[in-house]
Amino acid sequence: MAVALAALVSATACTDEASPPVSTAELTTTIVVQESTTTEASTTTTAPEPTAPPTSSQEEIEVELIATLDGINDLFAGGPDPDSPLIDQFYDAELADTVRGNFADRVAESAVYEGRFERLSIESIEIDGSTAQVLECGIDAVATISASGEVLVAADDVGFLRRYEMTLGDDGQWRVSLISFGLEKTPCEP
């Protein structure tokens, strides 16, 4: 008895103007069994899509991004601690090193932070896969005070725009990779 197996895989792309192309694969298998007569059986099966990591809704991601920014506010409110594990939780590796260095400088100066960042509004959140940009309006009411009481960095008393670039880590945690005030601080109101 001779058995022959032929498989044909054809990939087609579906396009919807509102969403990116989605690919599906259709597997058609034809089995031919040859004895005294020829019998053909045909089966059509739709292959499963590759498993993608679970995605959250836009609203859930926005909540996660804002929670990260709130965590950073808590980190600074706790004082300059270059050994804080929160640094790695909220910043990507490169920015975490910068924050650690700044905190170590403040510790060497025996400086402390006083005040908190006051968010007035979230102006926009743009999410593109594993990257996001958040534009917020807020008052940076955090002053850096030396051990002698000298104000090293004064707290702001008006709102300014601040842009965060964030990336989604392999562990599912959003981390800040860039904070930008622009070349000049742009005033904002809620």
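Things worth noting here:
- Subset of segment 65-91 [touching a strand residue (DSSP E or B) at 6+ places or on another chain (Cβ under 6 Å) and more than 18 Å from R162 (Cα to Cα)]: G79
- The set of residues from segment 155-182 being of a type in the set (A, V, I, L, M) and under 19 Å from G138 (Cβ atoms) comprises A155, V158, L161, M166, V176, L178, I179.
- A search for C-beta distances below 8 Å between a residue of segment 162-178 that is of a type in the set (G, A, S) and any residue that is surrounded by 14 or more Cβ atoms within 10 Å (Cβ to Cβ), counting only pairs 6+ apart in sequence or on different chains, returns G169/D92; G169/R175; S177/Y91; S177/D92; S177/L95; S177/E165; S177/M166; S177/T167.
- All positions within segment 155-185 that are of a type in the set (A, V, I, L, M) and loosely packed, with under 13 Cβ neighbours inside 10 Å: V158, L183
- Criterion applied to A143, A147 was being more than 30 Å from E59 (Cβ to Cβ), small (G, A, S), surrounded by 14 or more Cβ atoms within 10 Å (Cβ to Cβ) and touching a residue at least 24 places away in the same chain (Cβ under 8 Å), and the one residue passing it is A143.
- Residues of segment 117-143 that turn out to be among the small types (G, A, S) and within 14 Å of L161 (Cβ to Cβ), as a count: 3
Throughout, read-outs are computed from the coordinates displayed, never taken from laboratory work. Note that this is a predicted model, so its numbers are computed, not measured. Backbone-built Cβ (ideal geometry, glycine too); neighbour counts: all protein chains shown.
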